[in-house]
Amino acid sequence: MEVEATNEDCSWLPFILDIIKCMDKDSTDVNQELTKLKTKIQETREKILAMPEIESSPGEQQEQLKTMREKVDTKTQLLQKYKGLCVFDSPKS
Amino acid sequence: MAVTDKSTKERLLSVLDDLEVLSRELIEMLALSRSQKLPQGGEDTQILELLVQRDREFQELMSVAQDQGKVHQEMQVLEKEVEKRDCDIQQLQKQLKEAEHILATAVYQAKEKLKSIDKARKGSISSEEIIKYAHRISASNAVCAPLNWVPGDPRRPYPTDLEMRSGMLGHMSNLPTNGVNGHLPGDALAAGRLPGMLLCAYTPVPLAIVRRLSGYAPPAPWQRLWAGRLGLTG
């Protein structure tokens, strides 16, 4: 799952602020806002669990990327070497 | 150090749990203070500060997760490249195996040919010797009857028993060598006891076959048959 949220979308403070405002106004929407916050937290938790790209730390991921790049380079060089290699001088008839 | 070893997922979940707990505590505290109308002891400020701090951490971690997502996409592209190269390498390996098999067969056949050439060189015979031997075989009337051969002539295109026994091997074995008409006693030909029909039927066959095999064809028509068969001589 791609991480598409921006920094502003990731903040939880607006939700908490809404709840406090409702509490100040003694509004009946407090429970609704609380439920909304709870649901939002659960959804975020499930999204985080479903993301495969954050299974490792950034450092580990960079190491994996470096290893993979080296692997691709090595295999590319090997293929170029053997495809371009002419062991026999084929006589032109 | 322990924090950096943790994966981004673990850290995000941990911060999210903290956020949930802190937000619940703050709301409960605010609700309690409003209902009991008691002054807040500054704990709500501390909780609020912690909440803000955790929220900031969560945002930073989400930014890190976003970057990791881009890196992950690049890694997926590289994985596909690796798979493609692996396929090419396997294809090359297959071609190499085929070439090795073909070359091995060719090398084996070439070696066998070289062995045959070497063997032929070791056993080579000069052409002069072969021609001399051919002359010797031809000179003994083995391929063609002599022109003056008539029935009753003891000569044969092969060594007769008597001639064999007269040789070195026969003498060494002390075999009897007394013969009649060039043949051993008891031989129907020697005694001339064969009926005429059988005689004519018997004697011409070997030489006719030999003549045919050797490709000899006398010029005159009457000479193409045995002289004895037609009662002709010469």
Roughly how many nanometres apart are two label points built 7 Å out from the Cα toward the Cβ at B:SER127 and A:LEU13? 11.2
In the range B:58-73, which residues give up 10 Å² or more of accessible area once the other protein chains are added, compared with their chain alone (1.4 Å probe)? B:PHE58, B:GLN59, B:MET62, B:SER63, B:VAL64, B:ALA65, B:GLN66, B:GLN68, B:GLY69, B:VAL71, B:HIS72, B:GLN73
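Please compute the average number of Cβ atoms from other chains found within 10 Å of each residue's Cβ in peptide B:75-83. Spell out each step's value before the answer.
Values: counts 7, 3, 2, 7, 3, 1, 6, 6, 0.
Across the residues of B:75-83, the mean count of other-chain Cβ atoms within 10 Å is 4.
DSSP loop (so not H, G, I, E, B), at most 14 other Cβ within 10 Å: list which trypsin sites (Lys or Arg not before Pro) in the range B:35-83 pass both filters. Let's see the in-between values first.
Values: sites: B:LYS37, B:ARG54, B:ARG56, B:LYS70, B:LYS80; in loops: B:LYS37.
The qualifying sites are B:LYS37.
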Taking the Cα centre of the range B:1-152 as origin and charging only Cβ (+1 Lys, Arg; -1 Asp, Glu), how large is the dipole, in debye to the nearest 20? 2060
Cβ-derived FRET efficiency at R0 45 Å, B:GLU79 paired with B:LEU50, nearest 0.05: 0.65
Simple SL model, points at 7 angstrom along Cα→Cβ for A:LYS25 and A:GLU46; separation in nm is 2.9
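Run the accessible area of the range B:21-92 with a 1.4 Å probe and give the carbon-and-sulfur part as a rounded percent. Don't skip to the end; give the middle numbers.
Working: 2380 of 4630 Å².
Reported share for carbon and sulfur atoms: 51 percent.
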In nm, to one decimal, how far is the B:ALA104 label point from the B:ASP88 one, both placed 7 Å along Cα→Cβ? 2.8
Report, ordered by chain and residue number, the lysines lying within cross-link reach of B:LYS80, taken as a straight Cα distance under 17 Å and ignoring same-chain residues fewer than 8 apart. A:LYS66, A:LYS71, A:LYS75, B:LYS70
So what are the ³J(HN,Hα) numbers for the range B:123-135, from phi and the Karplus equation (6.51, -1.76, 1.60; θ = phi - 60°), rounded to whole Hz, Gly and Pro as x? x, 6, 10, 6, 5, 5, 5, 5, 5, 4, 5, 4, 4
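Charges only on Cβ, +1 for Lys and Arg, -1 for Asp and Glu: so what's the dipole of the range B:105-177 about the Cα centre, in debye to the nearest 20?
Once rounded to the nearest 20, the dipole reads 420 debye.
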Whole-number value, in Å³ per residue, for the convex hull of the alpha carbons of the range B:8-123 is 122
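With solvent modelled as a 1.4 Å probe, how much accessible area in total do chains B and A shield from it at their shared surface, in Å² to the nearest 100? Kindly include the intermediate steps, with their values, before the conclusion.
Values: alone 18890 and 8810 Å², together 23570 Å².
The summed interface area works out to 4100 Å².
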Averaged over the residues of B:47-54, the number of partner chain Cβ atoms within 10 Å of each residue's own Cβ comes to 1
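The values are calculated or read from the model by the stated rules, or taken from the named source; none is laboratory data. Computed from a predicted model, the values in this text were never measured in an experiment. Cβ: placed from backbone, ideal geometry, glycine included. Neighbour counts: every protein chain shown. Note: areas computed on protein heavy atoms with side chains; ligands, DNA, RNA excluded. Shrake-Rupley method; radii C 1.70, N 1.55, O 1.52, S 1.80 Å.
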